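We did not get these values from a lab; they are worked out from the coordinates using the rules stated. Not measured: the values here are computed from a predicted model. Here Cβ is always computed from backbone atoms with ideal geometry, including for glycine, and neighbour counts include all displayed protein chains.
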Amino acid sequence: MTYDSNNIFAKILRGEIPCKKIDEDEHTLSFADINPQAPVHILVIPKGAYCDWADFAATASAVEMAAFTKAIHRVAELTGISKTGYRVISNTGLDSHQEVPHLHMHVLGGAPVGPLVLAKS
Ligand code: 5GP
């Protein structure tokens, strides 16, 4: 997949549209999802132009990967859900229903998130 620099998260990274920022470092930005599916629903994104998890795993640097992993943990700490628990989800590829083609992790918590929902075969 070719990266589309007009996607909504690229616009957030460029400051063209606002977000409710939770955390930022050299390689990552974390902000509240506009349509939260749990009391805490944060999106963690890399600043690099990666379409999805497959793209990131194949081409990101080790430094970017480490920063992304640490950002997810930091967001859980900052939002107070690290002790009660949370779910991390990334939709990747056609079957996943990924809507925004810039890699993002959903970090969900603040209440029991229920069983993992899987598609029926
Ligand atoms: P996906 O389906 O790609 O895994 O998830 C995309 C997520 O981005 C959705 O949960 C949706 O609510 C969120 N989203 C879409 N547009 C915006 C926006 O403009 N701002 C923020 N903060 N979240 C957005």
Evaluate the relative contact order of region 18-95 (contact order divided by residue number), counting alpha-carbon pairs under 8 angstrom at least 6 apart; express in whole percent. 28
Prolate/oblate/rounded label for region 1-43 (Cα gyration tensor, a/c 1.5): prolate
Can you list the lysines whose alpha carbon sits under 21 Å from that of K21, skipping same-chain ones fewer than 8 residues off? K11, K47, K70
Calculated from DSSP helices alone, with each H run of at least 4 adding -39500 (n - 2.57) and the total divided by the residues of the chain, [θ]222 nm to the nearest 500 comes to -7500 deg cm²/dmol
Estimated inter-spin distance, N91 and K21, nm [label 7 Å along Cα→Cβ]: 2.7
Mean shadow of the chain, computed from the convex hull of its alpha carbons, in nm²? 7.9
Take the chain, mark every one of the GluC sites (Glu not before Pro) that falls in a DSSP loop and has at most 12 other Cβ within 10 Å, then report the longest stretch left between them, sites excluded. 27-98
